[in-house]
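Okay, structure first, notes after.
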Amino acid sequence: MDLGLEGARVVVTGGASHIGRAIVLGFAAEGARITIVDRDRARAEETAAEALAAGAGEAGTVGADLGEHEEAVAACREAEARMGGVDVLAANVGWNQPGFFLDYEPEIWPKVIDVNLTSCMSCARAVLPGMMERRRGAIVATTSMAAFGEARQSVYAAAKAGLVGFARSLAKEYGRYGVRANLVAPGLVIPAGEAAIGSGSMWQHQKDLMNEEQVDYVRRLTPTRQLSEPRDIADAVVFLASERARQVTGQTISVAGGFGG
Ligand SMILES: NC(=O)c1ccc[n+]([C@@H]2O[C@H](COP(=O)([O-])OP(=O)(O)OC[C@H]3O[C@@H](n4cnc5c(N)ncnc54)[C@H](O)[C@@H]3O)[C@@H](O)[C@H]2O)c1
């Protein structure tokens, strides 16, 4: 199936490591041109080199803290300038530090909301005008099954649920201009090991989940009896960004083996 992504100009936020890296490599396999925006510049450069080897038309990086509106906008502008436009925004960046709500200091709330939700708004605001002008654009945001509510994830869940409302609204506002907006909702995607996580990864705070016992526990709760891997998420993102999904907008695809609904 030709996904029609050869030469497409793609921005992947949080694309340096783990799920974002898989998304980058998914687009690379389709011959897309890619800019990775991530605060972990060294890791992003490594992933960009892998993307070139995997077939990307080009692959570059921009360093930015995407939780800062001005930095996120500037990074997208830089990506637009280096590729001559942006056709696809894979708004994948996310961050969390799990904890029960009453133990969760309000000082952390803004970071969780800014990185998971506001970063997508900042990037969308930067790239939408160009997409509308060319009447070609796809935004695919990475939400989470936690958006439907999960213990020790309340603020993250609120941000990820906000992302669903945001992307669905964009779909309704900008569909007439040739822009689609969809979401992919992973369940738990446990990194293969410490080498799979970057210095800016939220897994730095969740290493307790990276063990066989936890994997087995989640597997038993998952109807397909297998955990999602980063490439499973990437496949859904690449499909939603592609011409094959031209009539799909405002939708959330759960890639969680049936876990949680
Ligand atoms: N892994 C899971 O189990 C899981 C489940 C559901 C949803 N998700 C979502 O999938 C996406 C990817 O998750 P992951 O597990 O690969 O995350 P991760 O923490 O392993 O990687 C996130 C990437 O984003 C970068 N990053 C983090 N904060 C940043 C910031 N402020 N500015 C710029 N870059 C920043 C990191 O450097 C890293 O490369 C996130 O949106 C996450 O919320 C993950």
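Restricting the search to region 163-189, which residues are touching a Ser or Thr at 6+ places or on another chain (Cβ under 9 Å) and within 14 Å of the ligand (Cβ to nearest atom)?
Of everything in region 163-189, those that are touching a Ser or Thr at 6+ places or on another chain (Cβ under 9 Å) and within 14 Å of the ligand (Cβ to nearest atom) turn out to be Leu163, Val164, Ala167, Leu183, Val184, Ala185, Pro186, Gly187, Leu188, Val189.
Which residue pairs have Cβ atoms under 6 Å apart, sit 6 or more places apart or on different chains, and have a first residue in region 125-145 that is more than 10 Å from Leu89 (Cα to Cα) and part of a loop (DSSP other than H, G, I, E, B) and a second that is within 16 Å of the ligand (Cβ to nearest atom) and open to solvent by less than 50 Å² (accessible area, probe 1.4 Å)?
Matching pairs, first to second residue: Thr143/Lys160; Thr143/Leu163; Thr143/Val164; Thr143/Leu183; Thr143/Ala185; Ser144/Lys160; Ser144/Ala185.
Determine whether region 115-124 contains at least one residue that is modelled with pLDDT of 95 or more, away from the ligand (no atom under 13 Å from the Cβ) and closer than 23 Å to Phe239 by Cα.
yes
For region 150-188, how many residues are closer than 23 Å to Thr118 by Cβ and either at pLDDT below 95 or not in a helix (DSSP H, G or I) (or both)?
11
Criterion first (farther than 19 Å from Asn182 by Cβ and in contact (Cβ under 8 Å) with a residue 24 or more places away in the chain) does Ala72 satisfy it?
Answer is yes for this residue.
Considering only residues that are closer than 13 Å to Ala171 by Cα and surrounded by fewer than 17 Cβ atoms within 10 Å (Cβ to Cβ), which ones fall in region 238-251?
Answer for region 238-251, where residues must be closer than 13 Å to Ala171 by Cα and surrounded by fewer than 17 Cβ atoms within 10 Å (Cβ to Cβ): Arg246, Gln247, Val248, Gly250, Gln251.
For region 240-260, what are the residues that are of a type in the set (S, T, N, Q) and within 15 Å of Ile19 (Cβ to Cβ)?
Within region 240-260, just Ser254 meets the criteria.
Answer yes if at least one residue in region 147-157 is over 17 Å from the mean Cα position of the chain (by Cα), surrounded by 15 or more Cβ atoms within 10 Å (Cβ to Cβ), on the phi < 0 side of the Ramachandran plot and near the ligand (Cβ under 10 Å from one of its atoms), and no otherwise.
yes
Identify, please: which residue in region 158-178 is in contact with a helix residue (DSSP H, G or I) (Cβ under 6 Å, 6 or more places away or on another chain) and farther than 22 Å from Asp235 by Cβ and is, among those, most open to solvent (accessible area, probe 1.4 Å)?
Tyr177
Could you check Gly55 against (1) within 14 Å of the ligand (Cβ to nearest atom); (2) out of contact with any Ser or Thr (no Cβ under 6 Å at 6 or more places or on another chain) and say which number it fails?
Here Gly55 meets the rest and fails (1).
Can you pull out the residues in region 167-189 that are farther than 13 Å from Gly20 by Cα and β-branched (Val, Ile, Thr)?
Val179, the sole residue that qualifies.
Is it true that Gly187 is open to solvent by less than 30 Å² (accessible area, probe 1.4 Å) and within 18 Å of the chain's Cα centre (by Cα)? First the steps, then the outcome.
Working: open to solvent by less than 30 Å² (accessible area, probe 1.4 Å): yes; within 18 Å of the chain's Cα centre (by Cα): yes.
Considered against the rule, which asks whether it is open to solvent by less than 30 Å² (accessible area, probe 1.4 Å) and within 18 Å of the chain's Cα centre (by Cα), Gly187 comes out as yes.
From the residues in region 191-230 that are open to solvent by 80 Å² or more (accessible area, probe 1.4 Å) and part of a loop (DSSP other than H, G, I, E, B), which one is farthest from Glu46 (Cα to Cα)?
Step by step, filter region 191-230, then rank; the result is Pro223.
The values are calculated or read from the model by the stated rules, or taken from the named source; none is laboratory data. Every value quoted in this text rests on a predicted model; they were computed, and no experiment measured them. Note that we place each Cβ from the backbone using ideal geometry, even for glycine, and neighbour counts take in every protein chain shown. To get the accessible areas, we keep the full protein, side chains included, count just its heavy atoms, and leave off ligands, DNA and RNA. Shrake-Rupley method; radii C 1.70, N 1.55, O 1.52, S 1.80 Å.
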